[in-house]
């Protein structure tokens, strides 16, 4: 699948994976589902779900490390700034050094081009928060979030998930 195709599919994910309601209970249920999958599959990730004003769910799995929360924080900042998926940003920017162009004025200590941050969008309100996963290769971090959202929202994931990356 070409980069342009991946970007188009991620845009469709962002348009489709929208909540009618998002609150503490939803964040807990969604975060718990991601945590359960991570434990069942031995995924060494952290998951951080928050609205832009406060954290709602956090879990660190066995095998995750001290840098994962910082990567998640930087991904969260990117979603907050651009209101779109961090993996989409990676594909759009095509910057192997994981930094934004100098003209963006975004400090590498606070912003990173790395997949795994996905906007929490609510009908009638827009993007109000983010779900961040860190610990796997970025396409997989992104996929963990998208699959969990599909399951939670009752949306068939077959037409929405990214295919495995071509080598």
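Within region 83-98, track down each residue that is part of a helix (DSSP H, G or I), within 17 Å of residue 110 (Cβ to Cβ) and in contact with a strand residue (DSSP E or B) (Cβ under 9 Å, 6 or more places away or on another chain). Once the filter is applied, which keeps residues that are part of a helix (DSSP H, G or I), within 17 Å of residue 110 (Cβ to Cβ) and in contact with a strand residue (DSSP E or B) (Cβ under 9 Å, 6 or more places away or on another chain), region 83-98 yields 86, 89. For region 5-27, residues that are surrounded by fewer than 15 Cβ atoms within 10 Å (Cβ to Cβ), in contact (Cβ under 8 Å) with a residue 24 or more places away in the chain, under 16 Å from the mean Cα position of the chain (by Cα) and within 15 Å of residue 130 (Cα to Cα) total 0. Given the residues 43, 30, which is the only one that is buried (at least 20 other Cβ atoms within 10 Å of the Cβ) and either without any contact (Cβ under 8 Å) to a residue 40 or more places away in the chain or in a loop (DSSP other than H, G, I, E, B) (or both)? Residue meeting the stated conditions: 43. Would you confirm whether or not region 78-98 contains a residue that is touching a helix residue (DSSP H, G or I) at 6+ places or on another chain (Cβ under 8 Å), more than 26 Å from residue 153 (Cβ to Cβ) and surrounded by 24 or more Cβ atoms within 10 Å (Cβ to Cβ)? Within region 78-98 (the criterion being touching a helix residue (DSSP H, G or I) at 6+ places or on another chain (Cβ under 8 Å), more than 26 Å from residue 153 (Cβ to Cβ) and surrounded by 24 or more Cβ atoms within 10 Å (Cβ to Cβ)), the answer is no, since none of the residues qualifies. So how many residues does region 122-144 have that are surrounded by fewer than 22 Cβ atoms within 10 Å (Cβ to Cβ), touching a residue at least 12 places away in the same chain (Cβ under 8 Å) and farther than 18 Å from residue 91 by Cβ? Within region 122-144, residues that are surrounded by fewer than 22 Cβ atoms within 10 Å (Cβ to Cβ), touching a residue at least 12 places away in the same chain (Cβ under 8 Å) and farther than 18 Å from residue 91 by Cβ number 5. Checking each residue in region 145-163 for being out of contact with any helix residue (DSSP H, G or I) (no Cβ under 8 Å at 6 or more places or on another chain) and either exposed (fewer than 12 other Cβ atoms within 10 Å of the Cβ) or assigned to a loop (DSSP other than H, G, I, E, B) (or both) picks out 154, 158, 159, 163.
Bear in mind that the values in this text are calculations on the coordinates, not laboratory data. Here the structure is a predicted model, which means the values were calculated and not measured. No Cβ is skipped: glycine too gets one built from the backbone with ideal geometry, and neighbour counts run over all protein chains shown.
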